[in-house]
Amino acid sequence: MGLFEHSVKDLHEKLVKKEIAPYDLVKESFDRIDAVEDKVKSFITLNRDKALDVAEELGDAGIDPNNMLAGLPIGIKDNIVTKNLRTTAASKILENFNPIYDATVMQKLKAAQTINIGKVNLDEFAMGSSTENSYFHTTTNPWNLNKVPGGSSGGSAASVAAGEVLFSLGSDTGGSIRQPAAFCGVVGMKPTYGRVSRYGLIAFASSLDQIGPITRTVEDNAYLLEAISGVDPYDSTSIDQPVENFAAHLTGDIKGLRIGVPKEYIGEGVEPGVKEAVLKALKTLEDLGATWDEVSLPHSEYGVASYYILASSEASSNLARFDGVRYGYQSPNAHTLEELYKKNTC
C-alpha cells in the first residue's frame with residue numbers, strides 16, 4: 001500500500017509517532033513522479049533538492065502533533081507565485097520568471113510546514129478547460145492517457161490522481177478546480193470568494209478567481225482549506241471572518257439537512273449519465289436523513305454569457321501587462337508596434 005493511499009490524518013499520526021519520516025513521503029513523491037511523469041506530464045518545474053532538504057530538517061526537528069499538515073508533500077499550480085521557484089503560468093512570456101516573494105497561500109503552507117514538491121501544469125494563464133493549452137506540454141488523465149484531465153487546474157488534479165503528491169492547490173475562475181477534479185476522480189473545492197487570499201495569484205479575472213484545494217478525500221480537503229484560509233491585508237477582497245475547523249463538521253450526521261436542487265441543472269441538455277449520478281447521490285443523502293426540494297434559478301441560462309463578458313473584460317485588463325515591452329518574452333521578428341503586440345504573445 002502506497003503512503004499516499006493513507007489519509008492526511010493517518011499520515012500525521014505516523015509522522016508524529018516516527019513510524020515514517022517526511023523524507024519517506026517526499027522520496028515516494030519523486031519516485032512516483034520519475035515513474036509516471038513521462039506519461040502524465042503534471043509538472044512544469046520540480047523542487048527536488050529543496051524539498052528533500054526541508055524534509056530532512058523537519059524529520060530532525062520532529063513533527064508538531066498540533067500541525068496536521070507538517071511534513072506532507074504538495075503540488076502548486078504554476079500561476080501561484082513561489083519565492084525563488086520558477087512561476088510560468090504555463091506561458092512562454094513567463095518562461096524564466098523567478099518570483100522574489102511568496103503568495104499568501106504559500107506563506108500559510110510554509111507556516112503549516114507542508115513541503116512544496118513543484119509547480120504543476122495548467123492551461124496558459126488559467127484560460128482553458130483541458131490543460132492542452134500550455135506552452136510546455138499537454139497533461140493527460142492518469143486514468144486514461146488518451147483523455148484530458150480537465151482544466152485549467154489539470155496538472156493539479158492529475159498529480160493527485162496519479163499519486164505523485166498527496167494534495168495540490170489549484171485556482172478556479174469558472175470551474176477550473178471543480179471540472180478537472182471531476183474528470184480525475186478527486187475532490188476539488190472552490191471556496192467562497194474572499195475566504196482564501198488571492199495575493200500572489202497571477203490574475204485572470206479578479207472578481208471570479210479563487211485558490212482552492214484538490215485532494216483525495218473530503219476530510220483531506222477540509223484540512224488543506226483550513227490551512228490556506230483567512231483574512232489578508234494584502235488582499236482587500238479577503239473576508240475578515242474566523243477560520244473554522246472545517247474537518248470538525250464532518251460528523252456524518254446530516255439528519256434535518258434541507259437541500260435545494262435547481263431544476264435547470266438536471267433538466268434539458270444535461271447528459272443522462274450525469275443526471276442519473278446526481279439523482280443517485282440525492283437518494284443516498286435521503287437515506288442518510290436529509291431532504292431535498294426542487295427549486296428554480298430562472299436566470300441560469302444567462303450564466304455562461306455573463307461569465308464570458310466579465311471574464312474576458314477582466315482578462316484583457318489583467319493580461320495587458322504581459323506585452324514584452326517592460327519584461328518577459330520579446331519576439332526578435334517584431335518590427336512594428338502592432339507586430340510587437342501580436343508576436344510577443346505567440
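Of all residues in region 255-289, those that are part of a strand (DSSP E or B), of a type outside the set (Lys, Arg) and more than 17 Å from residue 300 (Cα to Cα) total 1. Taking the criterion of being out of contact with any Lys or Arg (no Cβ under 8 Å at 6 or more places or on another chain), within 19 Å of residue 170 (Cα to Cα) and hydrophobic (A, V, I, L, M, F, W, C), the residues of region 27-45 that qualify are 33, 40. Kindly check whether there is at least one residue in region 176-189 that is in contact (Cβ under 8 Å) with a residue 60 or more places away in the chain and either in contact with a helix residue (DSSP H, G or I) (Cβ under 7 Å, 6 or more places away or on another chain) or over 25 Å from residue 230 (Cβ atoms) (or both). Within region 176-189 (the criterion being in contact (Cβ under 8 Å) with a residue 60 or more places away in the chain and either in contact with a helix residue (DSSP H, G or I) (Cβ under 7 Å, 6 or more places away or on another chain) or over 25 Å from residue 230 (Cβ atoms) (or both)), the answer is no, since none of the residues qualifies.
Of all positions in region 327-336, none carries a residue that is under 30 Å from residue 265 (Cα atoms) and in contact (Cβ under 8 Å) with a residue 24 or more places away in the chain.
Restricting 139, 104, 114 to those that are among the polar types (S, T, N, Q), at pLDDT 95 or above and in contact with a strand residue (DSSP E or B) (Cβ under 6 Å, 6 or more places away or on another chain) reduces the list to 114. Just one residue in the set 324, 252 is modelled with pLDDT under 95, part of a loop (DSSP other than H, G, I, E, B) and surrounded by fewer than 13 Cβ atoms within 10 Å (Cβ to Cβ); that residue is 252.
The values are calculated or read from the model by the stated rules, or taken from the named source; none is laboratory data. For clarity, every value in this text was computed on a predicted model and none was experimentally measured. Note that each Cβ is placed from the backbone with ideal geometry, even for glycine, and that neighbours are counted across all protein chains shown.
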